[in-house]
Each structure stands twice: as structure tokens, then as C-alpha cells.
Amino acid sequence: MSIRTLIVDDEPWARTRIASLLATEADFTLLEPCTGGAAAIRAIVEQAPQVVFLDVRMPDIDGFEVVDAIGVDAMPLVVFATAFEDYALRAFDAGALDYLLKPFDEERFRRAIERVRREIRAPTRAAAALGAVMADLRPMRGHAERLVINSTGRVVFIKVDEIDWLEASGNYVMVHAGREKLLMRDTLRALTGRLDPARFVRLHRSAVVNIERLRELLPWSRGEQVAVLNDGTQLPIGRAFRERLLAVMGGVPRQ
């Protein structure tokens, strides 16, 4: 069995180090390495590696944004690599498949690939564990200021300030930003958890709005209300979410 493996790191020495260690493992097949997150997203989609050795900090798109763009459920097995202990290594150790703290020695690397082999032979709940790690690290990363969206072969960057509203579509979210509509592989709940709750508020189970895009609230049928955005879009407001919306609007300046 050959394990298709992708190395993603902006540092040449790190790519060389991992590749040289894997070269002695007959069951690992190396794909062309990636020097940044955007290239990694394309390679994961197009080449379907089974495991990715993924750097955490990279200049264009960091490792966490790669996971966000691909989606936790669609990600291959991930071994994170980082030189920074401030990324809560205990969370990696408890939930992620594995992590490598740079500079790592050969013994530590061998333990990581053994974990990869075990997971390939007998899959457990690696996706759920990766999701738990990402959730644990959200507070350390702060609220997202941009989204990295893998959209029909493109890697699109959207500043959260540009978002008008978000629409649930199964395990995907339609991001409405001006004239753009971009489908992102994520759930509305998970995506909203990455955004500032003082700026993005749920209107009903399938819609979250950037409150700076709200123009007015109008009465609707049967005593309910509809939110009207600056571009004229009308979104119904669920009764269960009205109080929260009004509370946030009262504390945040409007456009």
C-alpha cells in the first residue's frame, strides 16, 4: 500500500528534512511539495493526498486557513508542524493526528508516521479530532478577518467586512458579498463561530447577517419581521433570534 503524502512548508530546510526522512519509508509516496497555503489547497483538491505534513505559520495562507478552506471532513490526515509552542500543543496532542515541534528529531518523526500508518490501516475519528483541535484553537486565533474559500479551482480571499450575509446550504455555506456568491465547504454554525458575534448575527436557522448591512426592519406576516439589507435583500427574522438581533443592533453603530 502506498500512502500519498504532501509536504506543505514555506521553509526549504523543513521540506527537505521531512522529505529525506520519508524517503526511507517504502510505503510513502511523495507528491510535489508546496511552499504555501494557496498551492496546498489546490494540491489537496486535485491530487487527493492521504496525509499532509502541514506547516502552521506561512506568509500567504496559514495551516489553519488551509483546513478551513478544504473543510475538516474533506481534509486528509494532518500532521501539523510548528516552531511555536504558543499554538497550544496540548490540544494537538489530545486531538489532532499528530504535531511536530520544530526542530524535531528522527525519533519523534518516526512516532508521527507510525500514527499515520495506524490511522490508514484502521481509521478512527481523525476528522472529528481535527475539528475539536480547530475549535480549541479558535480563541487563540481571534475572530477571523478574512475567509479563504476554495471555489471551483480558485482560492478566493474575502475580507469579513465585505460579507453581506451567509446562507446555509447543507454542509456548505453560500457567502454573499456584493455581487459575488461563493460556496464554502463548512456549516453555518462552524463558520459563524469564527466570526465576531458583535458583527454577525443569526436571523434564522439558515441565515446570518452582517449587521452593518442592515438598513431597516419591516413588519411581515403574522406579526413577524423581515430584515432589509442595503442592497434591498429581504431576509425573514425568526422569532427565536429577534431579541438577540435587537440587542446587538442597539450596541453597534450602523452604516
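The values are calculated or read from the model by the stated rules, or taken from the named source; none is laboratory data. These figures come from a predicted structure and were not determined experimentally. Note that we place each Cβ from the backbone using ideal geometry, even for glycine, and neighbour counts take in every protein chain shown.
Points to keep in mind about this one:
The rows are residues; the columns are (1) aromatic (Phe, Trp, Tyr); (2) in contact with a helix residue (DSSP H, G or I) (Cβ under 7 Å, 6 or more places away or on another chain).
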site: Tyr99; (1), (2): yes, yes
site: Lys102; (1), (2): no, yes
site: Phe109; (1), (2): yes, yes
site: Val116; (1), (2): no, no
site: Arg141; (1), (2): no, yes
site: Tyr172; (1), (2): yes, no
site: Glu180; (1), (2): no, no
site: Leu183; (1), (2): no, no
site: Leu191; (1), (2): no, no
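- Selection of the range 24-38 for residues being modelled with pLDDT under 95 and among the hydrophobic types (A, V, I, L, M, F, W, C) yields Ala26, Ala38.
- So Leu191, is it modelled with pLDDT under 95, part of a helix (DSSP H, G or I) and surrounded by 16 or more Cβ atoms within 10 Å (Cβ to Cβ): yes
- Total residues in the range 149-182, condition touching a residue at least 12 places away in the same chain (Cβ under 8 Å) and part of a strand (DSSP E or B): 19
- Condition check for Glu180: touching a strand residue (DSSP E or B) at 6+ places or on another chain (Cβ under 8 Å), outside the structural domain of Thr233 (by TED's automatic domain parsing) and charged (D, E, K, R): no
- Scan of the range 202-224 for residues that are at pLDDT 90 or above and either aromatic (Phe, Trp, Tyr) or farther than 15 Å from Glu162 by Cα (or both), ordered by number: Arg202, Leu203, His204, Arg205, Ser206, Ala207, Arg215, Glu216, Leu217, Leu218
- Residue in the range 225-237 that is surrounded by 13 or more Cβ atoms within 10 Å (Cβ to Cβ), part of a helix (DSSP H, G or I), out of contact with any helix residue (DSSP H, G or I) (no Cβ under 9 Å at 6 or more places or on another chain) and modelled with pLDDT of 90 or more present: no
- Listed by first and then second residue, the pairs linking a residue in the range 184-210 that is in contact (Cβ under 8 Å) with a residue 40 or more places away in the chain to a residue that is polar (S, T, N, Q) and in a helix (DSSP H, G or I), with Cβ atoms under 6 Å apart and 6 or more places separating them unless they lie on different chains, are Val208/Thr192.
- Reported count of residues in the range 122-145, each being under 14 Å from the mean Cα position of the chain (by Cα), loosely packed, with under 14 Cβ neighbours inside 10 Å, at negative phi and not in a helix (DSSP H, G or I), is 1.
- One residue stands out in the range 34-50 among those that are of a type in the set (Val, Ile, Thr) and either part of a helix (DSSP H, G or I) or not assigned by TED's automatic domain parsing to the domain that holds Leu77 (or both): the one that is nearest to the chain's Cα centre (by Cα), namely Ile41.
- Leading residue by the ranking (surrounded by the fewest Cβ atoms within 10 Å (Cβ to Cβ)) among those in the range 1-33 that are among the small types (Gly, Ala, Ser) and more than 27 Å from the chain's Cα centre (by Cα): Ala26
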